[in-house]
Every structure is written in structure tokens, then in C-alpha cells.
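The values are calculated or read from the model by the stated rules, or taken from the named source; none is laboratory data. Since we're looking at a predicted model, the values are computed, not measured. FYI the Cβ positions are ideal-geometry reconstructions off the backbone, even for glycines, and counts take in every protein chain you see. In case anyone asks, the SASA skips ligands and DNA or RNA and just uses the protein heavy atoms, side chains included. Shrake-Rupley method; radii C 1.70, N 1.55, O 1.52, S 1.80 Å.
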Amino acid sequence: MKTIGWIGLGNMGVPMAINLLKKNYTVTGLLRKPGQTSPVSTYGAKTTPDMQEVIQNSQVIFLTLPNDSACHEVFQQIITYPIQGKTFINSSTISPNAAQELSELLSKFDAIYLDAPVSGSVKPAQDGTLLFLIGAKNQKDYTDNQEFFEILASKHYLLGTPGMGSKAKLAINYYMSIVVDGFAETVLFAQEQGIDRNMMTQIVNDSACGSAMTQIKTPSVLQDDYPTAFPLKFMLKDILLAQSQNWDTPLLQAVAQSYQKASDIGYADQDLMAVIKAVKY
């Protein structure tokens, strides 16, 4: 079996790595902060603060990092080590331009780069039901790594060359931002008309407008508590990345304003459903 490295053991990286460990893959995880520990150790992963050890011990390295700058920083370290023939599957949500740049960088060192962001948050990551949105230089790079996509996801799509996966991720996250913001405003509008949250969330979820997303977010809305599944600050980042792709419609501007306001008033690190706190604030 291929040996695996993991860089970015956060909310998404941990459950994804655990699912590979459960299938008996050998995983070496990078501890990026001093004194850091990780739950992956409980499942048999080796963890180390030494990047070189992760690279040396792994044929395939997954990355689940927060943004462009983190990815650029990590890859500048990676290329200082021998990486010829190794595969890097980047499941971070980054700009399409960054994905293209990283692919070109890795090709200079005869390494393989897959632009492979995922759609789905912590629960789908735990359940192995993510969607992989993949950009690869060729069909073989994609096919050679399907074994991982089959374990970690319910579906995986080859969309074209590196950068195309990131474009699809920005599009689906833009849609998610609209659904969540719309759900928030619907509930609050109904509440102002004398219809309580419990009743209105039932109506939404029982109607043609209901979705897996509204069902997942209903408990948070009812309890007015927003534990982090997908941090609001990351959704705001993705909305702004979509805007940077020359997509700046009135709807995008309105959604960006809602998430920016929620971030500014202190909800950046809570779940994106906390955007409800910014409505009519």
C-alpha cells in the first residue's frame, strides 16, 4: 500500500486521515505548531514536527491548509527536499491561480500535483462522503489516486487541469453561502411576523426549498449556538476569492457584506451559520 503524509491536521485533515488509517494505510502527520498533538495518533499515525520526515516517509502527501499563503509557505519548504516521483494532493481551498502556480512549481521537481479541494464539512469528512473536485495534468495522475477518493468521498469529479478543481470549489461554496444566508434571513423574517424558529425551520425543511444544508444547520438556528463545522471566516475568504475571479454580481456583493459584518462583530471563528447574527444587526 502507498504510504501517506498529511500536512494540515485541522478540522478536516484529522477525520480524512483517520479514514485512511482505518483502511490500514500508513500515515505520517506533520505537527505544525510547537507542543501540538493530534487525535490521529490514537488511530496509529506517526506524528512529527519534522517536515523532512513526513516527505521522506511518504509516497503521497495530502494537504489541508487554510489559504493561499499557507500553501505557498509550505510548498517552499517542500521543494527543499527530494520529491521526485512523489504525489501531492492539495485539498485546501485556494485560488485557481495559486493551484496553477503550485502545479507548475512541482513539475519543475518531477513531482505530481493534484488540485483536489473537497465539498463538505466535518461530518462528511468523518463519514467519508465528501465530494472531491479535481484538477490534474493528465488522466493517469487522477486514476492513480482514485483509491483515496473512493475511501474519502462519495463522489469525485475530474474537471480538467490544475486550477479547475479550485474554480468548482469556489462556485459550490458561493452557492452554499447564499443558501445559509437565505436560510438565516427567512427564519428571522418569519420570526418578525410572529412565526417562531421551530415552526419556520420545519416549514423550510418540509418544502421544496429544504436541503441537506438547511437540515444540518437547523439545530444551530434553534439553539442559537454555532459550534464550528465550517468557520465563517473561511466562507468569507471563499466569497472574496470568487469575487477575485471577476464575478461581482449584486447578489455576491450582498452575501459578502453579510459575512463580512458577521466576521467584524466577532463571529469569524464560529460556524458560517452565525451569519444569522449579522442580519439587521
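Table for the structure above
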{"read-out": "Segment 34-70: number of residues that are closer than 17 Å to residue 111 by Cα and in contact with a helix residue (DSSP H, G or I) (Cβ under 6 Å, 6 or more places away or on another chain)", "value": "1"}
{"read-out": "Criterion (within 25 Å of residue 18 (Cβ to Cβ) and touching a helix residue (DSSP H, G or I) at 6+ places or on another chain (Cβ under 8 Å)) met by exactly one of 96, 124, 117", "value": "117"}
{"read-out": "Qualifying residue in segment 130-138 (condition: farther than 30 Å from residue 214 by Cα, in contact (Cβ under 8 Å) with a residue 24 or more places away in the chain and outside any strand (DSSP E or B))", "value": "yes"}
{"read-out": "Residue among 157, 175 that alone is in contact with a Leu (Cβ under 9 Å, 6 or more places away or on another chain) and either free of Cβ contacts under 8 Å to residues at least 40 places away in the same chain or open to solvent by less than 10 Å² (accessible area, probe 1.4 Å) (or both)", "value": "157"}
{"read-out": "Subset of segment 48-73 (residues that are of a type outside the set (Gly, Ala, Ser) and buried (at least 21 other Cβ atoms within 10 Å of the Cβ))", "value": "54, 55, 60, 61, 62, 63, 64, 65, 71"}
{"read-out": "Selection from segment 259-276 of residues that are open to solvent by 10 Å² or more (accessible area, probe 1.4 Å), closer than 17 Å to residue 229 by Cβ and either outside any helix (DSSP H, G or I) or free of Cβ contacts under 8 Å to residues at least 40 places away in the same chain (or both)", "value": "263, 268, 269, 270"}
{"read-out": "Selection count, segment 201-258, where residues are open to solvent by 20 Å² or more (accessible area, probe 1.4 Å), closer than 12 Å to residue 274 by Cα and assigned to a loop (DSSP other than H, G, I, E, B)", "value": "6"}
{"read-out": "Residue in segment 143-153 that is more than 20 Å from residue 4 (Cβ to Cβ) and open to solvent by 70 Å² or more (accessible area, probe 1.4 Å) present", "value": "no"}
